[in-house]
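Input: a single structure, listed below in structure tokens.
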Amino acid sequence: MADLVIRPVTRADREQWLPLWDGYNAFYGRSGDTALDPAVTAMTWSRFFDAYEPVHCLVAEQGGHLLGLTHYLFHRSTTAIEPSCYLQDLFTTAQARGKGVGRALIEAVYAEAKAAGASRVYWQTHETNATAMRLYDQVAEKSGFLVYRKLL
């Protein structure tokens, strides 16, 4: 996309970030009665601006409008000295899909992780997210690991 800019989120972006965040959560069934507690959204937003937090946000902007977001974080690993980068959330507007915005956001996370000395970037997606997986298969390799969880 011409004149697409990938940049760190700013406090002034909140009004445009929130609909993207809500869209991401709705995609995964977190809307209406199952919506995130507003306190979670408020804490997520505040973490982007806390230097002690390992959570970061990049946004895709074109012509003053946000078209997508990615949230990522750095953490330690027992199998590497360098930090690992977990790409936690990736979302673009419906109009931006298939136009390189998601790829640009992923590539920007790769650059941020490399600059931070991370040894890898990884993420997960739902097995039904076939559209996203077409992109992911082009920009990364499947690890072969499955995710197990227990909600507490």
Which of Phe74, Phe91, Phe27 moves the most in a Gaussian network model of the chain with Cα springs under 10 Å? Phe27
Accessible surface of Ser84 in the full protein assembly, 1.4 angstrom probe, to the nearest 10 Å²? 0 Å²
In whole Hz, with x marking every Gly and Pro, tabulate ³J(HN,Hα) for the stretch 144-152 from phi via Karplus 6.51 cos²θ - 1.76 cosθ + 1.60, θ = phi - 60°. x, 8, 9, 9, 10, 8, 9, 6, 10
When only Cα pairs under 8 Å and 6 or more residues apart are kept, what is the percent relative contact order across the stretch 11-95? 25 percent
Out of Thr34, Thr93, Thr70, a Gaussian network model of the chain with alpha-carbon springs under 10 Å gives the largest mean-square fluctuation to Thr34
Collect residues whose amide H, placed 1.01 Å from N in the peptide plane, falls under 5 Å from the amide H of Gln88; neighbours closer than 5 in sequence don't count. His71, Tyr72, Leu73
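Under the definition of Cα pairs under 8 Å and six or more residues apart, what whole-number percent is the relative contact order of the stretch 21-147? Don't skip to the end; give the middle numbers.
Details: 145 pairs, mean separation 22.4, N = 127.
This gives 18 percent for the stretch 21-147.
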Please identify, among Pro54, Pro38, Pro19, the residue showing maximal mean-square fluctuation in a Gaussian network model of the chain using a 10 angstrom Cα cutoff. Pro38
With helices defined as uninterrupted DSSP H runs, which ones in the chain have an alpha carbon span along their own long axis of at least 24 Å and mean Kyte-Doolittle hydropathy of at least -1.0? none
Listed residues Ile106, Ile6, Ile81 arranged by accessible area, highest first, probe 1.4 Å: Ile81, Ile6, Ile106
Among (1) 1.00; (2) 1.03; (3) 0.94, the value of Rg/Rh (Cα atoms, Kirkwood Rh) computed for this structure carries the label (3)
Could you calculate, for the stretch 44-124, the ratio of the Cα radius of gyration to the Kirkwood radius, expressed as Rg to Rh? 1.00
Hey, which aspartates and glutamates would be in cross-link range of Lys114, C-alpha to C-alpha under 19 Å, not counting anything within fewer than 8 residues on its own chain? Glu53, Glu82, Asp89, Glu141
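The values are calculated or read from the model by the stated rules, or taken from the named source; none is laboratory data. The model shown is predicted, which means the values in this text are computed figures rather than measured ones. Surface areas here come from the heavy atoms of the whole protein model, side chains and all, with no ligands, DNA or RNA. Shrake-Rupley method; radii C 1.70, N 1.55, O 1.52, S 1.80 Å.
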